[in-house]
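Enquirer: Okay, here's the structure, questions in a sec.
The values are calculated or read from the model by the stated rules, or taken from the named source; none is laboratory data. Note that the structure is a prediction, hence the values are computed from the model and not measured. Don't worry about glycine lacking a Cβ; one is built from the backbone with ideal geometry, like all the others, and counts go over all protein chains shown.
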């Protein structure tokens, strides 16, 4: 490692328990009711994410170089645009022969793709990298369609950002987790709900104890106790990327960045 990288790791470790970490969590709690995450866009599409998480996704796509990214939850399509733009950049930087005929793409699944968003994404300059499926991410027919596509790829990343209840996310984890290839990432958004006040989401069915974080905890426990296999018959295991949490400080996905071993 270079001196720069060593200094960066030491600096990130020093954030643990620091005043900066405390202030960051205060900011996160205050920024949610202010809808801070709604202020940003990516290549013209609202992304509804914190800038730190946007940068993190960019880093991980560049690091792992997936040929397929699967996203549950589309909304306005900003995350699809982010994934598509990174896949396009990877194509610019790598020889087409290295892909062996596989085309990079991001698949977005959403139970309700609104007409204005569908039109904007269909007309987007990077639409050629996007594939959208309307329906529940838990629908067996949709899951079969996604799995069929995943079998054609040797590098697969998954981002979960749809319904945030424990039951829904746990069901997503059980199906989409095994699609992630070794050394790639399963990113579970909105795990921070676990640390928000109980009345933070009065109009939503999720809250502390019933959210993506609680689902991740149960899922990781199940993986430790059971031999859950991927599409190639290999055992699935994930570890939380705590270094990512410590680096970002402000994130909607604490303990939601999961790297497959």
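Enquirer: Being part of a helix (DSSP H, G or I) and in contact with a helix residue (DSSP H, G or I) (Cβ under 8 Å, 6 or more places away or on another chain) is the filter; apply it to the range 30-54 and report the residue that is surrounded by the most Cβ atoms within 10 Å (Cβ to Cβ).
Expert: Applying the first criterion (part of a helix (DSSP H, G or I)) to the range 30-54 yields 30-31, 36-39, 51-54.
Still in the list and also in contact with a helix residue (DSSP H, G or I) (Cβ under 8 Å, 6 or more places away or on another chain): 31, 37, 52-54.
Working: 31: 15, 37: 17, 52: 18, 53: 22, 54: 17.
If we take residues in the range 30-54 being part of a helix (DSSP H, G or I) and in contact with a helix residue (DSSP H, G or I) (Cβ under 8 Å, 6 or more places away or on another chain), then 53 is surrounded by the most Cβ atoms within 10 Å (Cβ to Cβ).
Enquirer: Something else now. Go through the range 238-261 residue by residue and tally those that are crowded, with 17+ Cβ neighbours inside 10 Å and part of a loop (DSSP other than H, G, I, E, B).
Expert: Qualifying residue count, the range 238-261: 9.
Yes or no, residue by residue, for (1) modelled with pLDDT under 95; (2) within 17 Å of residue 250 (Cβ to Cβ); (3) more than 17 Å from the chain's Cα centre (by Cα):
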{"position": "32", "(1), (2), (3)": "yes, yes, yes"}
{"position": "37", "(1), (2), (3)": "no, yes, no"}
{"position": "58", "(1), (2), (3)": "no, yes, no"}
{"position": "74", "(1), (2), (3)": "no, no, no"}
{"position": "84", "(1), (2), (3)": "no, no, no"}
{"position": "108", "(1), (2), (3)": "no, no, no"}
{"position": "119", "(1), (2), (3)": "no, no, yes"}
{"position": "122", "(1), (2), (3)": "no, no, yes"}
{"position": "131", "(1), (2), (3)": "no, no, no"}
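Enquirer: While we're looking at this one, here's another question. Scan the range 192-209 and give yes if some residue there is in a loop (DSSP other than H, G, I, E, B) and within 27 Å of residue 64 (Cα to Cα), otherwise no. Walk me through it before giving the result.
Expert: To start, the set of residues in the range 192-209 that are in a loop (DSSP other than H, G, I, E, B) comprises 196-206, 208-209.
Among the residues that remain, those that are also within 27 Å of residue 64 (Cα to Cα) are: none.
No - not one qualifying residue is present in the range 192-209.
Enquirer: Going by the structure shown, is residue 143 at pLDDT 95 or above and surrounded by fewer than 16 Cβ atoms within 10 Å (Cβ to Cβ)? Walk me through how you get there before you give the answer.
Expert: Numbers: at pLDDT 95 or above: yes; surrounded by fewer than 16 Cβ atoms within 10 Å (Cβ to Cβ): no.
When the stated conditions are applied, residue 143 does not pass them.
Enquirer: What single numbered condition from (1) crowded, with 20+ Cβ neighbours inside 10 Å; (2) free of Cβ contacts under 8 Å to residues at least 60 places away in the same chain; (3) within 29 Å of residue 149 (Cβ to Cβ) fails to hold for residue 234?
Expert: Answer for residue 234: the failing condition is (1).
Enquirer: Filter the range 106-148 down to the residues that are in contact with a helix residue (DSSP H, G or I) (Cβ under 7 Å, 6 or more places away or on another chain), in a strand (DSSP E or B) and touching a residue at least 40 places away in the same chain (Cβ under 8 Å) and list them by number.
Expert: 107, 109, 130, 132
Enquirer: Given the criterion modelled with pLDDT under 95 and under 30 Å from residue 149 (Cα atoms), identify the matching residue among 226, 253. Break it down into steps so the answer makes sense when it comes.
Expert: Working: 253 fails: modelled with pLDDT under 95.
Result of the check over 226, 253: 226.
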